[in-house]
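All remarks here apply to the structure that follows.
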Amino acid sequence: MSQDKEQRLTGLPVSPGIAMGTLRVEARDCAAPPMWSIEAKDIPTEWERFEAALTRTEEEIEELKQRVERISGATEAAIFDAHLLFLRDSTILSKLNKELPTRLRNIESVYYAVVQNFMEVMRAVDDPYLRSRVLDIRDVLQRVLRNLKPTSGAAPQSQESTDSFILASYELTPGDTADLDQNKALGFVTETGSTMSHTAILARSLGLPAVVAVPRLVMDSRSGSPAILDGYAGVLIINPSAETREKYNTLRAEREKAYRELVKMRDLPTDTLDGRHIRLAANVEFAHEFKSIRESGAEGVGLYRTEFLLLGSDGQGMPDEDAQYEHYRRLVEACAPHEVIFRTLDAGGDKLPFEPLTEKEDNPALGWRGIRVSLSRPEIFKQQMRAVLRASAHGHAGIMFPMVSGITEVRTALNLLEECREELRKQGIAFDKKMRVGVMIEVPGAAIMADVLAHYVDFFSIGTNDLTQYTIAVDRVNYRVASIFRVTHPGVVRLMALTMKAGIPTAICGEMGGDISLTPLLVGLGATEISVGAHLLPVVRVAIRHLNYEECRVMAQQALQAEDSATIRNLSHSLALKSYPQLF
Ligand code: PEP
Ligand code: MG
């Protein structure tokens with residue numbers, strides 16, 4: 001690959017926007033360590049830490065080598081000799097020695113950068129042997145980073161200011177994404193990933209342009225290359241020409257202007273032309289979004305993904321009841337008089353783990369996640385429900401349960417909720433006695449049983465991401481099947497219709513709610529509420545206001561007769577195009 005030639009890598013667009021900057025390529029599966037500034041006088045201490053980490057790593061590798069030798073023999077164990085050699089590789093160490101006084105950053109971050117460059121050079125050589133060595137080097141890098149313990153007081157308080165960047169990585173977990181430095185990360189691009197993954201959802205809520213599922217990304221890109229990330233089209237352009245830059249500058253300005261125009265309409269009601277009100281609410285993951293909810297003109301929060309509180313807890317699980325209450329109260333107050341729907345903890349699956357599992361689950365999506373986790377830890381579940389109930393006294397709150405598969409879970413959850421109310425009553429603590437309770441419809445079994453579930457709860461909220469995953473058996477996070485993840489599959493649409501037939505208020509809170517080609521279908525099927533990431537609110541608002549409910553209803557009936565997903569999408573898209581061509 002020539003350094004200067006413009007190169008385009010294509011993937012799936014998962015979060016809109018255009019980022020222009022410098023690429024930072026992160027080693028496959030090896031996240032960057034925290035970075036902080038040091039002074040010249042700290043250098044000897046940094047080297048001491050590093051030496052101690054090398055010694056610990058050496059011991060670990062030796063131990064591993066002996067174990068493998070005992071089990072598999074000397075030939076297999078010889079691989080660890082290469083690891084040991086790399087650990088004390090003179091090229092790496094002398095480079096580190098040179099870089100540390102120049103960069104004046106903690107030693108792990110400099111070591112990471114040095115090894116990263118080394119790996120990139122090796123990757124660039126088209127030799128299978130050298131490429132396989134890259135994996136060994138990564139192993140050693142990970143071990144050393146793990147063994148580098150910060151000295152007391154050397155906490156990474158101040159992230160050193162380096163330039164902003166577009167992150168290119170093999171893979172990003174939701175945790176990695178949330179950890180991205182908001183002031184520096186302009187966007188990200190990954191080799192794996194899919195539209196419905198939590199990483200993609202987070203990118204949208206953080207407003208970061210993102211592209212995923214780009215084949216050979218890590219192999220074909222270099223840290224430091226100028227790049228443009230097009231989160232609309234799903235393209236990463238490395239070494240863009242002057243002409244391409246110019247084009248993107250114009251495009252970015254146009255998009256931003258169009259968005260500003262839409263935002264101006266934030267106070268207009270989300271009623272269809274023939275007067276049907278659709279509550280348009282926001283999906284929320286982080287506290288920093290609380291402010292933008294009001295600004296976006298949302299009618300409250302339709303989905304608060306409370307599991308994101310696990311991110312701030314350093315692996316200690318959910319914050320305690322009082323801390324949750326404080327947090328929930330702030331959100332309820334920020335949105336009053338509108339309602340905030342708290343979804344109880346939805347950990348597990350591809351999301352944040354509730355606790356480290358002792359054994360790996362073979363099918364995490366079908367395993368210990370959502371309400372199943374909460375029901376197996378009733379005390380923790382009750383702490384969360386009590387916190388929500390207490391917050392409900394300060395405004396308008398609702399609660400809903402994720403990943404429900406049938407009535408037994410709902411009955412048990414409702415009994416626990418009643419116990420919480422009883423406990424609060426006894427303690428004389430205020431709560432809203434009329435707080436609405438809902439169930440997420442994400443599992444086909446629940447959709448089929450919607451008429452029964454409707455007797456127990458006040459509302460449904462259809463999680464189209466999971467409902468699609470479970471209905472058509474397509475893993476929402478597996479990039480290999482991302483192209484067949486179809487929210488308009490007739491099976492999914494019929495289950496949505498069945499859910500709405502139960503006759504209680506029904507929201508759509510999955511990513512499908514933000515696709516304006518499908519707003520006519522959702523409205524026509526009978527959704528009473530749509531909840532989307534805050535940045536999508538302005539466009540969905542305008543879409544709703546240009547629709548005629550009766551027309552949507554007739555189209556949706558036709559869609560329910562369709563045999564395939566493309567026909568359903570086309571029916572809805574045609575009506576969308578006719579109703580609001582200016583949005584396309
Ligand atoms: C969904 O599944 O559609 C949903 C809204 O929940 P999550 O994406 O958090 O699983
Ligand atoms: Mg879900």
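Taking residues in region 342-354 that are assigned by TED's automatic domain parsing to the domain that holds LEU309 and within 11 Å of ligand 1 (Cβ to nearest atom), and partners anywhere that are among the basic types (Lys, Arg) and outside any loop (DSSP other than H, G, I, E, B), the pairs with Cβ atoms closer than 9 Å and at least 6 places apart or on different chains are ARG343/ARG305; ASP346/ARG305; GLY348/ARG372; LYS351/ARG305. Note on region 405-441: among residues that are buried (at least 19 other Cβ atoms within 10 Å of the Cβ) and assigned to a helix (DSSP H, G or I), the one that is farthest from ligand 2 (Cβ to nearest atom) is CYS420.
Filtering region 507-521 to residues that are more than 19 Å from TYR470 (Cβ to Cβ), within 13 Å of ligand 1 (Cβ to nearest atom) and outside any loop (DSSP other than H, G, I, E, B) leaves only GLY514. Contact map, region 164-183: residues that are farther than 17 Å from ALA347 by Cα and assigned to a loop (DSSP other than H, G, I, E, B) paired with residues that are among the small types (Gly, Ala, Ser) and modelled with pLDDT of 90 or more, Cβ distance under 6 Å, separation 6+ or inter-chain. Pairs shown: SER164/GLY21.
Among all positions in region 377-397, there is at least one residue which is buried (at least 17 other Cβ atoms within 10 Å of the Cβ), in contact with a Lys or Arg (Cβ under 6 Å, 6 or more places away or on another chain) and at negative phi. Consider region 442-482 and keep the residues that are more than 16 Å from ALA365 (Cα to Cα), more than 23 Å from the chain's Cα centre (by Cα) and not hydrophobic (A, V, I, L, M, F, W, C). The one that is surrounded by the fewest Cβ atoms within 10 Å (Cβ to Cβ) is HIS455. What do you reckon, is ILE504 in contact (Cβ under 8 Å) with a residue 60 or more places away in the chain and outside any helix (DSSP H, G or I)? No.
When we screen ILE38, ILE61 for residues that are surrounded by 16 or more Cβ atoms within 10 Å (Cβ to Cβ) and closer than 29 Å to LEU180 by Cβ, the only hit is ILE38. Taking each residue of region 555-569 that is in contact (Cβ under 8 Å) with a residue 12 or more places away in the chain and looking for partners that are of a type in the set (S, T, N, Q) with beta-carbon atoms closer than 6 Å, six or more apart or interchain, yields SER565/THR488; ILE568/THR488; ARG569/THR488. Here ASP466 meets each of (1) within 16 Å of ligand 2 (Cβ to nearest atom); (2) assigned to a loop (DSSP other than H, G, I, E, B) with one exception, condition (2).
Can ALA323 be described as hydrophobic (A, V, I, L, M, F, W, C), in the same structural domain as VAL410 (by TED's automatic domain parsing), at pLDDT 90 or above and surrounded by 21 or more Cβ atoms within 10 Å (Cβ to Cβ)? So ALA323 fails the test.
The values are calculated or read from the model by the stated rules, or taken from the named source; none is laboratory data. On a predicted model such as this, the values are computed, not experimentally measured, just so you know. Glycine also receives a Cβ, built like all others from the backbone with ideal geometry; neighbour counts cover every protein chain displayed.
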